[in-house]
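Each value in this text was obtained by applying a stated rule to the coordinates, not by laboratory testing. Worth saying up front: this structure is predicted, and the values here are computed from it rather than measured. Ideal geometry is used to build each Cβ from the backbone, glycine not excepted, and the neighbour counts take in all protein chains shown.
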Amino acid sequence: MPYRKEHKSALNVMGGVEQPSQINEAAIRKLKSGRSKPLSAEDFVAGIREGNRTILSKAITLVESSLHSHQEKAQEIIAQCLAVSSQQSASSIPHPTSHIPHPTSHIPGSIRIGITGVPGVGKSTFIEVFGKYLTAQGHKLAVLAIDPSSSRSRGSILGDKTRMEELANDPHAFIRPSPSAGSLGGVARKTRETIILCEAAGFDVILVETVGVGQSETAVHSMVDFFLLLMLAGAGDELQGIKRGIIEMADAIFINKADGENIRRAQMAEREYTNALHLYPPPESGWKVPVGLCSSLNREGIREVWDTIMEYRELTLRNGYFGTNRKQQNLHVLHETIDEALKSRFHSRKEIQNGLSRLEKEIMEGSISPYLAAKELLESYYSK
């Protein structure tokens with residue numbers, strides 16, 4: 001049959017729907033319109049005081065940055081926030097009466113609490129349960145969790161945000177994991193500055209968690225008001241499981257995981273620590289260090305921990321140790337900052353960098369002693 005043009009076939013191709021572009025033009029326009037000039041120090045402080053979590057996080061990132069430009073802006077922000085933090089510090093807390101404040105009462109100011117313990121003691125679980133208890137009482141909580149860091153990227157694995165999932169979703173809590181690489185004993189070098197920013201943002205309870213028992217405890221102890229030591233029972237000789245110096249720093253010792261079949265061992269450990277504390281000299285604060293039991297699993301002993309902290313705060317405010325301790329910590333920061341600045345300036349010199357590289361090779365080759373190498377570098381630095 002001859003083909004005719006007027007013949008209509010079901011095989012005719014119909015015009016399709018025009019496919020949308022793979023590039024979202026609206027999103028690009030929105031992104032461009034949202035770009036604004038970099039925030040000034042005043043903008044950061046205003047956002048922090050308004051409780052803007054995004055701006056607070058960005059400010060902490062500036063504090064933790066090693067870039068000189070970031071550090072300059074960070075110091076401006078800290079200087080302005082320090083005045084706000086000081087107004088909310090112990091100096092503004094009125095001396096309480098003999099009545100011990102109930103845990104539901106609001107803290108007039110801030111209190112900084114360090115939490116440490118042997119590996120496996122359950123610090124993160126305890127902090128989540130303790131933190132939920134505090135936020136339920138109307139407190140605003142900031143948790144500065146010091147995370148293990150990658151030895152290559154020196155970055156945080158953000159483990160505590162995954163372990164504290166419930167607390168991380170609490171609108172009254174703020175969790176900031178910080179990379180610990182490059183700082184003493186795993187403690188983030190800028191934790192003190194972060195505390196100031198969090199207090200300026202209105203957080204009245206600051207928890208600082210350490211990686212574990214070690215040198216980091218000394219650093220954390222020098223930046224908090226109360227130092228809580230969590231211990232385990234049934235893990236061998238209780239008194240050999242931790243250094244004496246850390247026990248001397250503790251303001252309270254609580255045996256965690258005191259539940260189930262472990263209760264009897266926990267009670268024995270409680271007696272052992274109570275007896276051992278009698279061998280230690282009394283602390284300067286005039287406080288008698290208590291030993292107690294708690295269970296994060298059963299949420300038992302959590303209120304007792306908070307009552308203990310409140311009793312300590314009342315006593316030390318009354319005898320003046322609370323304020324004196326913070327002033328002594330500020331002096332420690334002064335000397336530490338000077339040491340860090342001198343070290344940074346020394347290593348930033350080009351001739352020092354070149355000389356250090358050369359002398360390191362000579363030390364490895366055994367052609368010079370490390371003492372003579374150090375002397376040569378220092379003489380080079382001071383001669384300029």
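Dimensions of the stretch 38-87 from C-alpha coordinates, computed as largest minus smallest value along each principal axis and given longest first, are 29, 21, 16 Å. Put in line by how crowded their Cβ is, counting other Cβ atoms within 10 Å and starting with the fewest, 139, 172 read 172, 139. 3J(HN,Hα) along the stretch 56-67: 4, 5, 5, 5, 5, 4, 4, 4, 7, 6, 9, 5 Hz, from the Karplus curve 6.51 cos²θ - 1.76 cosθ + 1.60 with θ = phi - 60°, whole Hz, x for Gly and Pro. Straight-line reach from residue 58: taking Cα to Cα under 18 Å and skipping same-chain neighbours fewer than 8 places apart, the aspartates and glutamates in range are 42, 43, 50, 72, 76, 193, 199. All alpha carbon pair distances within the stretch 258-329 were sorted into 10 Å bins beginning at 0; the resulting P(r) in whole percents reads 17, 37, 32, 13, 1. What's the exposure ranking of 273, 371, going from fewest to most Cβ atoms within 10 Å? Least crowded to most crowded, the residues run 371, 273. Distances between placed amide hydrogens fall under 5 Å for residue 293 paired with 255, all partners being 5 or more residues away or on another chain. Near the amide H of residue 204, within less than 5 Å, lie the amide hydrogens of 140, all on another chain or at least 5 residues away, with H placed in the peptide plane.
Checked against a 21 Å cut-off, the cross-linked pairs 123/257; 361/384; 190/361; 350/384; 190/375 give Cα-Cα distances beyond that limit for 361/384; 190/361; 190/375.
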